[in-house]
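Q: Below are the structure tokens for one structure; questions will follow.
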Amino acid sequence: MSRKQLAFSTILIVILAFLPLVLKRDNIINLALLVLLYVSLASSWNILGGYAGQANLGHAAFFGVGTLATRLLWLSGWNLFPSLLAGGLLAVAFALLIGIPAFRLRGVYFAIGTLALAQILYITVGNTLPMISSLPAQNLATYQLVPRYYIFLGLALLTIGTAYFLVNSRLGLGIMAVREEEDAAESLGVSALQHKLLALSVSAFFAGLTGGAFAFYHVGYYPQLPFSPEWTFDSMMMAYIGGAGTIVGPIIGAVFFVVVREFLVLKLAEMHLIVFGVLFILVVLFLPGGLVGAWGQVQKALARRSRQKEIKLSLTRAS
Amino acid sequence: MLKIEEVDAYYGDLQALWGISMQVNEGELVALIGPNGAGKTTTLRVITGLLKPASGNIHFYGHNLDKVAAHKIVELGISQVPEGGKIFTGMSVLENLELGAFVASARKVKDQSLRWVYEIFPRLEERKNQRAGTLSGGERQMLAIGRALMSKPRLLLLDEPSFGLAPLLVEQIFAMITEINRQGVTVLLVEQNVRAALELAHRAYVIENGRIVGQGTGDALLSFDSVRSAYLA
Amino acid sequence: MLEPLVQNLAFGVLVGALYGLAAVGLSLVFGVTKFLNVAHGELLMFGGYASFWVFTLLGVDPFLTLASTIIFLLLIGLILYKLLFARMVKLTESIKIQNTLLVGFGLSLVLQNLALRLWTADTRSITTLYSGSVFTILGVRFPIVRVASLVIALVTLLALDLFLRRTYTGKALRATVENWEAATLMGIDIQRVYLLSFVLGAALAGVAGCLVSVGYSIEPVMGLNWTLKGLIVMVLGGLGSIMGTFVRGLILGVTESATGFFLSLTYREVVGLVLFVLILVFRPQGLFGTKEG
């Protein structure tokens, strides 16, 4: 990371850290919290989908499993952090259930396996827990928004931080090598299976933690909701529009998503999913680097333009 | 009829062919020999359009082949028997042959072509309704060649027809190839089995590491010392 | 008594025919192009709505709407292929798989929400004069509409089978499935074969959708379920033959019914998916019949 980037990130983190202390308005804190949730979700999807190149069509399963485990444990008396951890680990377990057999083979297995898993959970949870899960009275009484905000902030930082360190490590290099040319990587001694499973585990773990935070945050929700395919789609859409396979991409994607959605919901109710869907498809087909990639291209074009101007100037001066 | 001039070809960033130049005249049986990985199959792929050359020209009766789409090559009169035959194993022998005559011009004379192929390969007629996957190695190769002949090609490209076959079968296949050539089909034969190829061919080119390193008549090359020591030991 | 069970199984067979039909469309496209079109169910859904609206607005008998629905879906398939999937044909294997899944997933969400926007989330169903008619054999009731659907599904698949086995184009398609390079050497234009298979797949989805709208009901969110049904049937025994896929569709239908009868409705909803995951976990080579799918 360059010094400029480090400075910028630090300032951003400080702003976010002090946000609830300065702006005491609940709706702003809620909005920021939502963005942070999406940052975690998109970033976790990105680790597997963007960096490891494995399309995960069932990310909602990991998210949902986290919500389920954490909600149940926390409401039955466990402390928060063990509950969150349990959510994350349970998500990893489900992920490996599909990942271990599916990753041995090439092709679509993993994607449809996770898709099927998410649907199984969605239907089963919907049938076995159809009632709203509400916080019991004593939790309601002690409910505070601000600590929850910090949980999400911490989680987002943890997810991004882990992604950053993973990507810049040897393991990260291996993961990306497997994405690009699995055969070549294998011949160099990089175990495709292990690296894919690693990316999967990290991805599922953070999705599960985010789910746990979700369960801690919401006063009342239908247990089936987090398993809905919309969560999967939103995650991959944010990662791609922002820039799949980059650290910053999911962050930008999450902000973009929340901001544009608020705007669209005002003007064109219900169209926002169609708009995002079309945008997503366009990005996958034409702009795989997302906004981050586009920005990079713009910078390069500008740099080229200024260099050409310099060359022209020096030529005219010479003559 | 076929002229390859200074062709370079790449697989991605990896250069596979350097300045390949070759010529095949009408009626000839030309062999392209060389060790494994020398670029023999690559050269064929460039001719049939499965791989586009980075530079150079390929002329066939005046047509510029490097500008022609892969599936149109057959219409021009070039037919290839790919490495391993690549027959459609789930389909019957007859269906495989019918597909060989897929192009409109060949479809019209399908029955005639079929009779011709059955003449050369009577075994195929015997097994015409069998699933191609149940054929033996030698029969598969015959089917692959027969299928290629169904389009009534002017130029037949053969990629290692002897591969994986027992010596007796190899002799048979090569005898059939000679016969096909005698009947007027020009042949470009890519082979690792150098002796057999050179005995058959009118002329031959030697390719190594993506470059043509020698050429001459079949007999001349057979007696050439370096060829003997490298390939005929 | 035995009767409720047999009744249940009869219903299972009838719906299984449609599962088989959905599966054939999906596997046709997958076999030829190696794209797994996860928006297949949405195409089916659109087929259902096409029939519904032609029936509702123009009063055409729903089985006759098959014609218009097929044409509609052929067009949609053509447009979607040219617009989206044609671009991805030339990509390298792993990126191609990844991107086609993503685009398909995105497409399914767009189509789903488009339908929601256009036609609301209400469940629709086609009711005609003969909708309630039933004929009874040995005490088991067979709704005429659903039996007709089974027959139509069967006929459609037989026609497809004939096309694939008797026509040159059909053989070209099968050849492409086996070995696209060899097919190219025969003069077969792979791009056109891909297009044809995709469009045919869409048409098959349309037929299935029409039959679903007549015998059952349709709603904008039904797509994913049907895509998964098709996937499950595909997976139950490899790519196989068309008729084989049809039979496996029947098997899935019957399995679901039996599960619902002996266990509960919840289990019935997920039994197929659970089977799918189990096959994936324990015998992944059983999926699609080949190791590489």
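Q: Just a yes or no: is a residue in the range A:239-253 surrounded by 14 or more Cβ atoms within 10 Å (Cβ to Cβ), assigned to a helix (DSSP H, G or I), in contact with a His (Cβ under 7 Å, 6 or more places away or on another chain) and more than 9 Å from chain C (Cβ to nearest Cβ)?
A: The answer is no, given that none of the residues of the range A:239-253 is surrounded by 14 or more Cβ atoms within 10 Å (Cβ to Cβ), assigned to a helix (DSSP H, G or I), in contact with a His (Cβ under 7 Å, 6 or more places away or on another chain) and more than 9 Å from chain C (Cβ to nearest Cβ).
Yes or no, residue by residue, for (1) within 14 Å of chain C (Cβ to nearest Cβ); (2) among the aromatic types (F, W, Y); (3) more than 13 Å from C:M186 (Cα to Cα); (4) part of a loop (DSSP other than H, G, I, E, B):
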position	(1), (2), (3), (4)
B:N57	no, no, yes, no
B:V74	yes, no, no, no
B:I87	yes, no, no, yes
B:L97	yes, no, no, no
B:R107	yes, no, no, no
B:S113	yes, no, yes, no
B:W116	no, yes, yes, no
B:E119	no, no, yes, no
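Q: Could I ask something else about it? Does A:I29 satisfy the criteria of being of a type in the set (A, V, I, L, M), modelled with pLDDT of 85 or more, over 15 Å from the mean Cα position of the chain (by Cα) and assigned by TED's automatic domain parsing to the domain that holds A:F206?
A: Judged against the criteria, A:I29 is a match.
Q: Another question, if that's okay. Out of (1) in contact (Cβ under 8 Å) with a residue 12 or more places away in the chain; (2) surrounded by fewer than 24 Cβ atoms within 10 Å (Cβ to Cβ); (3) not aliphatic (A, V, I, L, M), what's the single condition that is false for A:Q194?
A: Every condition holds for A:Q194 apart from (1).
Q: Could you pull out the residue among B:A69, B:A101 that is facing chain C (nearest Cβ under 9 Å), farther than 30 Å from B:G164 by Cα and free of Cβ contacts under 8 Å to residues at least 60 places away in the same chain?
A: None of the others qualify; the one that does is B:A69.
Q: Same structure, new question: Output the residues belonging to the range A:21-46 that are crowded, with 21+ Cβ neighbours inside 10 Å and out of contact with any Leu (no Cβ under 7 Å at 6 or more places or on another chain).
A: A:L33, A:L37, A:Y38, A:V39, A:L41, A:A42, A:S43, A:S44, A:W45, A:N46
Q: Going by the conditions given, is C:S68 surrounded by 15 or more Cβ atoms within 10 Å (Cβ to Cβ), among the hydroxyl-bearing types (S, T, Y), at pLDDT 90 or above and under 30 Å from A:R179 (Cα atoms)?
A: Spelling it out, it is not the case that C:S68 is surrounded by 15 or more Cβ atoms within 10 Å (Cβ to Cβ), among the hydroxyl-bearing types (S, T, Y), at pLDDT 90 or above and under 30 Å from A:R179 (Cα atoms).
Q: Before we move on, is B:Q80 assigned to a strand (DSSP E or B), among the polar types (S, T, N, Q) and facing another protein chain (nearest Cβ under 10 Å)?
A: yes
Q: Hey, among A:A116, A:A60, which residue is within 13 Å of A:F214 (Cα to Cα) and within 14 Å of another protein chain (Cβ to nearest Cβ)?
A: Going through A:A116, A:A60 in turn, just one is within 13 Å of A:F214 (Cα to Cα) and within 14 Å of another protein chain (Cβ to nearest Cβ): A:A60.
Q: Residue under question is A:F214, and the condition is that it be more than 14 Å from chain C (Cβ to nearest Cβ) and either crowded, with 17+ Cβ neighbours inside 10 Å or under 15 Å from the mean Cα position of the chain (by Cα) (or both); does it hold?
A: yes
Q: Sticking with this structure for a sec: Being farther than 18 Å from C:A39 by Cα and of a type in the set (V, I, T) is the filter here, so list the residues in the range C:63-84 that pass it.
A: Listed by number, the residues that qualify are C:T65, C:I71.
Q: Being in contact with a helix residue (DSSP H, G or I) (Cβ under 9 Å, 6 or more places away or on another chain), under 20 Å from A:G50 (Cβ atoms) and in contact (Cβ under 8 Å) with a residue 12 or more places away in the chain, is that true of even one residue in the range A:221-229?
A: yes
Q: Check whether at least one residue in the range C:145-156 is crowded, with 24+ Cβ neighbours inside 10 Å, among the basic types (K, R) and part of a helix (DSSP H, G or I), and report yes or no.
A: no
Q: If you check A:G66 against the conditions, is it of a type in the set (G, A, S) and either in contact with an Asp or Glu (Cβ under 7 Å, 6 or more places away or on another chain) or without any contact (Cβ under 8 Å) to a residue 12 or more places away in the chain (or both)?
A: So A:G66 fails the test.
Q: Condition first: surrounded by 14 or more Cβ atoms within 10 Å (Cβ to Cβ) and more than 10 Å from every other protein chain (Cβ to nearest Cβ). Can you find one or more residues in the range C:86-94 that meet it?
A: Yes, the range C:86-94 contains at least one residue that is surrounded by 14 or more Cβ atoms within 10 Å (Cβ to Cβ) and more than 10 Å from every other protein chain (Cβ to nearest Cβ).
Q: Okay, moving on. Report yes if A:I151 is part of a helix (DSSP H, G or I) and surrounded by fewer than 23 Cβ atoms within 10 Å (Cβ to Cβ), otherwise no.
A: Criteria met by A:I151.
Q: Within the range C:165-190, count every residue that is under 14 Å from B:R147 (Cβ atoms), assigned to a helix (DSSP H, G or I) and within 7 Å of chain B (Cβ to nearest Cβ).
A: Residues in the range C:165-190 being under 14 Å from B:R147 (Cβ atoms), assigned to a helix (DSSP H, G or I) and within 7 Å of chain B (Cβ to nearest Cβ): 8 in total.
Q: State whether one or more residues within the range A:179-199 are more than 14 Å from chain C (Cβ to nearest Cβ), closer than 29 Å to A:I281 by Cβ, part of a helix (DSSP H, G or I) and in contact with a Ser or Thr (Cβ under 7 Å, 6 or more places away or on another chain).
A: no
Q: Let me ask something else. Give B:V7, B:V46 a once-over and let me know the one that is among the hydrophobic types (A, V, I, L, M, F, W, C), assigned to a helix (DSSP H, G or I) and surrounded by 22 or more Cβ atoms within 10 Å (Cβ to Cβ).
A: Answer to the selection: B:V46.
Q: Scan the range C:210-219 and give yes if some residue there is within 18 Å of C:F11 (Cα to Cα), at pLDDT below 90 and away from chain A (no Cβ under 11 Å), otherwise no.
A: yes
Q: Now for a different question. Evaluate the following for A:L89: is it at pLDDT 90 or above, under 30 Å from C:L231 (Cβ atoms) and within 11 Å of chain C (Cβ to nearest Cβ)?
A: So A:L89 fails the test.
Q: Considering A:S169, A:S134, A:S187, which residue is in contact (Cβ under 8 Å) with a residue 12 or more places away in the chain and among the polar types (S, T, N, Q)?
A: Exactly one residue qualifies, and that residue is A:S134.
Q: Just for the range A:64-82: of the residues that are under 16 Å from A:L158 (Cβ atoms) and buried (at least 20 other Cβ atoms within 10 Å of the Cβ), which one is farthest from the other protein chains (Cβ to nearest Cβ)?
A: A:T70
Q: Is it true that some residue in the range A:205-221 is more than 30 Å from A:F286 (Cβ to Cβ), part of a helix (DSSP H, G or I), at pLDDT below 90 and in the same structural domain as A:G53 (by TED's automatic domain parsing)?
A: no
The values are calculated or read from the model by the stated rules, or taken from the named source; none is laboratory data. None of the values given here were measured: they were computed from a predicted structure. When we count neighbours, we look across all protein chains shown, and the Cβ atoms used for this are built from the backbone with ideal geometry, even at glycine.
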